[in-house]
Amino acid sequence: MCGIIGYSGPLEARDILLTGLSQLEYRGYDSAGIAYFDTFSDIHVVKKIGKVANLKSICALETDTAHCGIGHTRWATHGGVSDANAHPHRAGKVTLIHNGIIENYHGLTEEFDLEDQLASQTDSEVAAWVLDRFYEGSPLDAIRHLLERIQGSYGFCIMFDDRPGEIYAVRSISPLVASYTHSGALIASDLTALIPYTRSYFVVPEHHIVKLTGYKISLMDLEGNAVSPEMMKVDWNMDSAMKNGFPHFMLKEIHEQPEALKQTILPRMAKGIPDFEDDRIPDSLFTRCSQIHIIACGTAMHAGMVAKALMEPVLRIPVTVSIASEFRYEDPLIDEKTLVMIISQSGETIDTLAALRLAKSCGSMTLAIVNVKGSTIARESDYVLYTHAGPEIAVASTKAYSVQLAALYMISCRMAFVREKFTRSEAKAFLTELLDAIPAMETMIRKKEEEKHLVTHLIQQNDVFFMGRGLDYAFSLEGALKLKEISYIHAEAYAAGELKHGTIALIASKVPVIAIATQEHVFAKMISNVREVKARGAFVILLTKEHAAVEEGLADIHIRIPDLDDRFTVFPIAVILQLIAYYASIGKNLDVDQPRNLAKSVTVE
Ligand code: M6R
């Protein structure tokens, strides 16, 4: 949430900041702003509600040169969407941008008597004023005093009026990465803004201060002692963060799924079965546990729901899935015999991170499935299995979901093998079936044009229902989320047998029902449920395997996926559900990649 960039160096700072903000815009796009030292070494602020394009057009009128500045793209938390609430905030000698939430801003406002000084309604401006009160010429002392007083999460980039060319940054929870490059010193809330300039970077450690100048970047602890940054390498290329000819990131990322799956699966195959030796994940992690607890948010949580339905019947141990924002405030029934699996694309989702910390404090073993290298969740969990989806830019998660599934399927297979629920040949067969799902996904992607007509009816409706049984129910949850988030159509997923316990009252003439029926052992039951909604006039879109026997006239639209073992149908089904959401968003002329009120990485509670 909120994109942050800072630059000091020989190049034109405004250009670098604005380009960086475009890269970071997926983190929040309510407003954007920059601040820079102008030719007279005065700080100049430009900020505006709306997207970065708005800001760019205003900045195009600026003529002076700048070599040091900070930029921000906002996802509103405290205070509405207004120019005043946009960052950067000026407070006396301080100019600051912030990602996170200052929880005690109200108390600080009273304590420092700031009410009359505030130009905005934001917690960030309060932090700026408190910092200014402490500033007597030493950025380090002032920042240290500020940190002693604020509670919450933050990534700050700060400039002081009397320190031209210098940027100071500090963080707690909210991510920041930094690098000194041939083009100068850069800091950002995530790597996408750095990759045009460098492959090497470091994650700013919490409660450490980074100082950027045009010729160097230095890291120190809060006492001012120099600390060596732990350098890391980016293994993404610029192309993967660009649209590459696709009209939207989401469509590009849907297309990237087969390749991403291969990247996640193939390097982890040894003698035909999953092997995590290179990930340093020992088999004892899988044999020691007596239960599994999966924790995540949104799409990642839905991947966990699929994993539960997949794992329990094979492993015969309880698998629980928790929503991270609930789990973190529970008194969970987990212990040192529990394997806690944390799933997160960004590795920065605050609720998921808090849940991880709680699980560790209960003595549980933790394994994170994460896409972004070096992210906080990846660093803090006992073990990490990286998915190799490359950067996912569209707010609606697509390829991250399918690689999370692939990772979970691999874990499930390895666990079944080491717990002697699968023989070697069963494990091999499982993996072969998993690999077969990749061409099945490709088939559905190739046929995408055929699916455009699917949405003609949907986009005229206010409500859509998804239903399925078993694994199909888990897939439905994700289908409904995807549709809601980018088409703004209300969508609900139901276990098909549950519909008649109340919700069927909403099924009237032409109400769309997307019925997923790929599980053979409940296929007949599913078809009965489809008949029930059809009898009430529903407009049925039915998704089955290629050779499923379906009577004429049952569905208004029938989509068939290649015949796969039931356990693997999620992969082609996911593509269809993603495409339905995508075309519905296009059909309603909405912003596919940056839907309203959302942001890619949710680093606030
Ligand atoms: O980065 P994470 O995987 O932790 O993010 C979790 C959710 O915020 C995310 O999956 C969200 O639900 C997506 N926008 C859904 O498309």
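Quick look at the numbers
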| item | result |
| --- | --- |
| Total residues in the stretch 387-424, condition touching a strand residue (DSSP E or B) at 6+ places or on another chain (Cβ under 6 Å) and within 13 Å of the ligand (Cβ to nearest atom) | 2 |
| Residue identified as buried (at least 22 other Cβ atoms within 10 Å of the Cβ), touching a residue at least 24 places away in the same chain (Cβ under 8 Å), not aromatic (Phe, Trp, Tyr) and not in a helix (DSSP H, G or I) among Ile559, Ile573, Ile514, Ile580 | Ile514 |
| Which numbered condition Gln594 misses (of (1) surrounded by fewer than 24 Cβ atoms within 10 Å (Cβ to Cβ); (2) more than 30 Å from Arg171 (Cα to Cα); (3) within 16 Å of the ligand (Cβ to nearest atom)) | (2) |
| Filtered residue count, the stretch 49-76, keeping only those that are of a type in the set (Lys, Arg) and either surrounded by 21 or more Cβ atoms within 10 Å (Cβ to Cβ) or at pLDDT 95 or above (or both) | 1 |
| Matching residues in the stretch 340-363 - criterion: being under 20 Å from Ser290 (Cα atoms) and touching a helix residue (DSSP H, G or I) at 6+ places or on another chain (Cβ under 9 Å) | Val340, Met341, Ile342, Ile343, Ala355, Leu356, Leu358, Ala359, Lys360 |
| Single residue of Ala359, Ala354, Ala309 found to be of a type outside the set (Ser, Thr, Tyr) and under 19 Å from the mean Cα position of the chain (by Cα) | Ala354 |
| Test: residue in the stretch 175-193 that is of a type in the set (Asp, Glu), in contact with a Pro (Cβ under 9 Å, 6 or more places away or on another chain) and either surrounded by fewer than 24 Cβ atoms within 10 Å (Cβ to Cβ) or within 26 Å of His106 (Cβ to Cβ) (or both) | no |
| Verdict on Gly479 being buried (at least 24 other Cβ atoms within 10 Å of the Cβ) and either β-branched (Val, Ile, Thr) or within 16 Å of the ligand (Cβ to nearest atom) (or both) | yes |
| Residue in the stretch 283-304 that is surrounded by fewer than 22 Cβ atoms within 10 Å (Cβ to Cβ), at positive phi, away from the ligand (no atom under 16 Å from the Cβ) and not acidic (Asp, Glu) present | no |
| Which listed residue is away from the ligand (no atom under 11 Å from the Cβ), closer than 30 Å to Thr192 by Cα and of a type outside the set (A, V, I, L, M), from Arg316, Arg328 | Arg328 |
| Segments classed as helices (runs of 4 or more DSSP H), wholly inside the stretch 1-114, with at least 3 members that are of a type outside the set (Phe, Trp, Tyr) and closer than 25 Å to Pro391 by Cα | 13-24, 52-59 |
| Residues satisfying the stated conditions in the stretch 469-487, i.e. touching a residue at least 60 places away in the same chain (Cβ under 8 Å) and among the hydrophobic types (A, V, I, L, M, F, W, C) | Leu471, Ala474, Phe475, Leu477, Leu481, Leu483, Ile486 |
| Yes/no for Arg531 being surrounded by fewer than 22 Cβ atoms within 10 Å (Cβ to Cβ), part of a helix (DSSP H, G or I) and within 30 Å of the chain's Cα centre (by Cα) | no |
| Residue count, the stretch 362-372 (criterion: within 22 Å of the chain's Cα centre (by Cα) and more than 9 Å from the ligand (Cβ to nearest atom)) | 4 |
| Test: residue in the stretch 115-126 that is without any contact (Cβ under 8 Å) to a residue 60 or more places away in the chain, buried (at least 24 other Cβ atoms within 10 Å of the Cβ) and hydroxyl-bearing (Ser, Thr, Tyr) | yes |
| Condition check for Ile516: within 16 Å of the ligand (Cβ to nearest atom), within 24 Å of His302 (Cβ to Cβ) and of a type in the set (A, V, I, L, M) | no |
| Filter result (within 16 Å of the ligand (Cβ to nearest atom) and out of contact with any strand residue (DSSP E or B) (no Cβ under 6 Å at 6 or more places or on another chain)) within the stretch 440-476 | Ala474 |
| Boolean, Leu310 is touching a helix residue (DSSP H, G or I) at 6+ places or on another chain (Cβ under 9 Å), among the aliphatic types (A, V, I, L, M) and surrounded by fewer than 21 Cβ atoms within 10 Å (Cβ to Cβ) | no |
| Every pair of residues 6+ apart whose Cβ atoms lie under 7 Å, when the first sits in the stretch 341-353 and is among the polar types (S, T, N, Q) while the second is part of a loop (DSSP other than H, G, I, E, B) and within 6 Å of the ligand (Cβ to nearest atom) | Gln345/Ser397; Ser346/Ser601; Thr349/Cys297; Thr349/Ser601; Thr349/Val602; Thr352/Cys297 |
| Residue list for the stretch 446-494, restricted to those being β-branched (Val, Ile, Thr), at pLDDT below 95 and in a helix (DSSP H, G or I) | Val455, Thr456 |
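The values are calculated or read from the model by the stated rules, or taken from the named source; none is laboratory data. Everything numeric in this text was worked out from a predicted model, so none of it was measured. Here the Cβ is made from the backbone with ideal geometry for all residues, glycine too, and neighbour counts use every protein chain on show.
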